[in-house]
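For reference, the structure discussed in these notes is given below.
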Amino acid sequence: MSDCLFCKIIGGEIPSTKVYEDELVFAFRDIAPMAPTHILVVPKAHLDSVDAVTAENSSVVAHIFEVIPRIAREEGLVNGYRVVSNCGADAGQTVKHLHFHILGGKPLAVEMA
Ligand code: AMP
Ligand code: ZN
């Protein structure tokens, strides 16, 4: 998607602080961290959000969830961490490229809504 911020980050057109990359997945530090560790994990192939996941493309989501604990270990998140994906307007999704936030490094607030 030529107009997508995270596609541009994946392509190197916009700089980011990369923490992990493989053939399917890119992970980088959030520009406005909401916790001491705040990393975004995204599929390289553009999907709009969780709402676009189907039986045909869900293997990349499984892969992302294999990568997340590896990143968490690398980051030393031994006390736990939160994985969040905002989907759509009511959830406050601001970038319409599927992404999973990894948040950790301190006790996190528990409010869900
Ligand atoms: P969401 O609100 O769930 O769509 O999350 C989008 C996230 O992308 C926010 O936490 C932003 O701080 C983050 N973000 C926006 N632009 C950039 C950027 N250029 N580099 C890194 N993170 C970004
Ligand atoms: Zn994209």
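The accessible area of Cys4, taken with all protein chains in place and a 1.4 Å probe, comes to roughly 10 Å².
For the pair Thr54 and Glu13, the difference between a 0.36 nm per residue extended length and the Cα-Cα distance amounts to 11.9 nm. For the chain, the alpha-carbon radius of gyration amounts to 1.02 times the rule-of-thumb value 2.2 N^0.38 Å expected for a compact globular protein.
Percent of C-alpha pairs per 5 Å bin in segment 40-103, short distances first: 4, 17, 28, 23, 16, 10, 3.
Sorting Val41, Val50 by solvent-accessible area of protein heavy atoms yields Val50, Val41, largest first, with a 1.4 Å probe. By the Cβ rule of 4.7 Å, the chain holds the following cysteines without a possible disulfide partner: Cys87. At full extension, Glu75 and Ala109 could sit 10.2 nm farther apart than now, given 0.36 nm per residue minus the alpha carbon distance. Put Asp48, Asp90, Asp3, Asp30 in order of accessible area, highest first, and with a 1.4 Å probe you get Asp90, Asp3, Asp48, Asp30. With protein chains left intact and a 1.4 Å probe, residues in the chain average 60 Å² of accessible area per residue. To put it simply, the accessible area of the chain at a 1.4 Å probe is 55 percent carbon and sulfur.
For the chain, the Cβ-based charge dipole about the Cα centre amounts to some 360 debye (Lys, Arg positive; Asp, Glu negative; other atoms uncharged). Ordered by 1.4 Å accessible area with all protein chains kept, Tyr81, Tyr20 run largest first as Tyr81, Tyr20.
Our estimate of slack between Val83 and Glu21, defined as 0.36 nm per intervening residue step minus the Cα-Cα distance, is 20.5 nm.
The values are calculated or read from the model by the stated rules, or taken from the named source; none is laboratory data. Computed from a prediction, not measured in an experiment: that's the story for all the values here. In this analysis, Cβ positions are derived from the backbone assuming ideal geometry, glycine residues included, and neighbour counts consider all displayed protein chains. Ligands, DNA and RNA are excluded from the accessible area calculation, which covers all protein heavy atoms including side chains. Shrake-Rupley method; radii C 1.70, N 1.55, O 1.52, S 1.80 Å.
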